[in-house]
1. In a GNM of the chain with a 10 Å cut-off on Cα contacts, which of 97, 229, 164 has the highest mean-square fluctuation?
2. Order of 193, 174 from fewest to most other C-beta atoms within 10 Å?
3. If you take every residue apart from residue 38 with its C-beta less than 14 Å away from the C-beta of residue 38, what net charge results, scoring Lys and Arg +1 and Asp and Glu -1?
4. Obtain the nm distance between the two label points defined at residue 197 and residue 76 by a simple spin-label model: each point lies 7 Å from its Cα along the Cα-to-C-beta direction.
5. Take residue 206, project a point 7 Å from its Cα along the Cβ direction, then tell me which residues of region 137-173 have their backbone nitrogen under 19 Å from it.
6. What's the FRET efficiency of residue 238 with residue 38 using the Cβ-Cβ distance as r and R₀ = 41 Å, to the nearest 0.05?
7. So for region 19-108, taking the charge dipole from beta-carbon charges (+1 Lys/Arg, -1 Asp/Glu), which of 50, 100, 64 sits furthest toward the positive end?
8. Setting aside same-chain residues fewer than 8 positions from residue 169, which lysines have a Cα under 21 Å from its Cα?
Amino acid sequence: MAESKKEQINNPYMPFPARIEDIIVETEDGNLKTFRLMLERPEDRENWSHVPGQFAMLSLAGRGEIPIGIASSPTEKDGLLFTVNKAGVVTGALHSMEVGASVGVRGPLGNGFPVDSELKGKNIVIIAGGFAFTTLRATLLYMLANRRDYGRITVIYGARTPGMLLYRKELEEWQKRDDVEMHVTIDRETQGWTGLVGFVPTVAGQVAPSPENAVALICGPPVMIKFTMPPLEKIGWTDEQVYLSLENRMKCGIGICGHCNCGPVYVCKDGPVFTRAEVMKLPVEF
């Protein structure tokens, strides 16, 4: 007997059917694309509720599934955004798809940033490198939509070249605002670039955001995170004030398969958002 609709909704292994509504090529090399997906069933769209920082599993029939951070804010109501790096079989197949194609979405999964609890009333520092800006885009948009709930908002974001920056139109819009402090940087000088030049950790040290009544949300390659912490610690930031978004071999997304197990935690189920204090208690593979 086929499962009832209620059983399908409650089945953590059952993806929601979705279709691709729009595709945006984000970077000059074409390896990063943002897909706007619309859940096909009205009841799925109505019941969907996520927190900035969570992820979902995107599945393609006959190819498999992959964990991807949700790049859209809960305040955006025109579909779900996922920015995907072309890096393997599933992502390669997704990159070859066109508007109107079908995709499975399983989620939302993980814990997200505590935007409605610990972060309220705090000064926020967002630090991101490369394509790790995805869930922080969702977080920033959520905070801007609820601006009175947060203090100063500072964003430090960098990529190798101007053409590798994500969400460039939005970056320009945010830089024009007077209620968010934007520091966009590239790794090396490039003809025509008039913004900051330097690696994200270097710029973080130059900007020196105050740790007073503040939290930092950091996403990026492990090496970026490693070298971002010393300049923050130098000016008084503690591990308890820093939130990291981790990815560690996530596979099933619900803590069953064990691929992302690290010590006492499952990154997919207990994270992917942890304070640095929590991360420092985990085995050295982090």
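Since every read-out is calculated from the coordinates, none of them should be taken as a lab result. Owing to the predicted nature of the structure, the values given are computational and were not obtained by experimental measurement. All Cβ positions, even for glycine, are placed from backbone atoms using ideal geometry, and neighbour counts span all protein chains on display.
1. Highest fluctuation among the options: 97.
2. Starting with the residue having the fewest Cβ neighbours, the order is 193, 174.
3. Within the 14 Å Cβ shell, the charges total -3.
4. Using points 7 Å along Cα→Cβ, the separation is 3.2 nm.
5. Under 19 Å, as judged by backbone N against the label point of residue 206, lie 154-166, 172 of region 137-173.
6. 0.45
7. Final value for the positive-end residue is 64.
8. By straight Cα distance, residue 169 reaches 33, 77.
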